[in-house]
Amino acid sequence: MKHVRMIAAAAVSVALALGAVAWIGADLLRDKTSSSVFDIGGPFVLASARGGTVDSKTLAGQSYAVFFGFTHCPEVCPTTLYEMSNNLVSLGDAAEDFRVFFITVDPARDTLAVMKDYVSNFDPRIEALVPTDDQLKQLASEFRVYYARVPTSDGGYTMDHTATTFLFDRNGSFTGTLSYDEAAETKQAKLRKLLGR
């Protein structure tokens, strides 16, 4: 079991490295000050672990964040969601209507029931969404995220994925990112700026 955990941790490290490569130009995007800024994200209608679906068109007037991960993730995903939970509490009333969407990159294992149970460990403003395989491919293209299944020695698998949280303003426009390795103070400042506080 320890060996499997080491393999999974190594896989996540690879994912972080690949994510860093994929996001080598991310600093140009964060404040939208560059003329070379390109769009991140796109419209989506995804099944929610709370029941029903979430349609991005209904989010007008609300700021929100999107993070891609999976429930078997050993470190990056639970850490990211835990830190986001803490930030939401720290932001107080400013984040009352802020939405956070955790989209699985492992829909084969992460059913709605599994996702519902998983996010129950974090702030209730974090909502789990489950795409179909085709929806996930489309989302990966629109959000420019990387994900891949990696076999493990026990016959199972883990997932490599981009460890980035994407931020969107009340108009649904991409405004920047939170990187996994950023200081907590930096993440908090970005969220306050997004929420206008």
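Points worth noting:
- For region 68-93, filtered to residues that are among the hydroxyl-bearing types (Ser, Thr, Tyr) and in contact with a helix residue (DSSP H, G or I) (Cβ under 7 Å, 6 or more places away or on another chain), the residue that is nearest to Met115 (Cα to Cα) is Thr71.
- Residue within region 150-157 that is touching a Phe, Trp or Tyr at 6+ places or on another chain (Cβ under 9 Å) and buried (at least 21 other Cβ atoms within 10 Å of the Cβ) present: no
- Cβ-Cβ contacts under 8 Å between residues 6 or more apart (or on different chains), taken from a first residue in region 180-194 that is within 22 Å of Gly69 (Cα to Cα) and at pLDDT 95 or above to a second residue that is among the hydrophobic types (A, V, I, L, M, F, W, C) and assigned to a helix (DSSP H, G or I), are listed as Leu191/Leu91; Leu191/Ala95.
- Take the conditions (1) at pLDDT below 95; (2) surrounded by 16 or more Cβ atoms within 10 Å (Cβ to Cβ); (3) within 22 Å of Lys57 (Cα to Cα); (4) of a type outside the set (Val, Ile, Thr); Ala140 misses just one of them, which is (1).
- Counting only residues that are of a type outside the set (S, T, N, Q) and more than 25 Å from Gly172 (Cβ to Cβ), region 90-123 holds 9 of them.
- Among the residues of region 66-122, those that are touching a residue at least 60 places away in the same chain (Cβ under 8 Å), of a type in the set (Phe, Trp, Tyr) and surrounded by 23 or more Cβ atoms within 10 Å (Cβ to Cβ) comprise Phe67, Phe68, Phe70.
- Total residues in region 166-197 satisfying the condition of being assigned to a loop (DSSP other than H, G, I, E, B), among the hydroxyl-bearing types (Ser, Thr, Tyr) and within 15 Å of the chain's Cα centre (by Cα): the figure is 1.
- Filtered by the rule that a residue be in contact (Cβ under 8 Å) with a residue 40 or more places away in the chain and either buried (at least 17 other Cβ atoms within 10 Å of the Cβ) or farther than 17 Å from Leu112 by Cα (or both), region 49-65 gives Ala49, Val54, Ser56, Leu59, Ala60, Gly61, Gln62, Ser63, Tyr64, Ala65.
- Odd one out for Gly196, checked against (1) small (Gly, Ala, Ser); (2) buried (at least 17 other Cβ atoms within 10 Å of the Cβ); (3) closer than 20 Å to Leu59 by Cβ: (2)
- Some residue of region 3-16 being surrounded by fewer than 17 Cβ atoms within 10 Å (Cβ to Cβ), farther than 21 Å from Tyr146 by Cα and at pLDDT 95 or above: no
The values are calculated or read from the model by the stated rules, or taken from the named source; none is laboratory data. Remember, it's a predicted structure, so these values are computed and weren't measured experimentally. Note: ideal-geometry Cβ built from the backbone for every residue, glycine included; neighbour counts use all protein chains shown.
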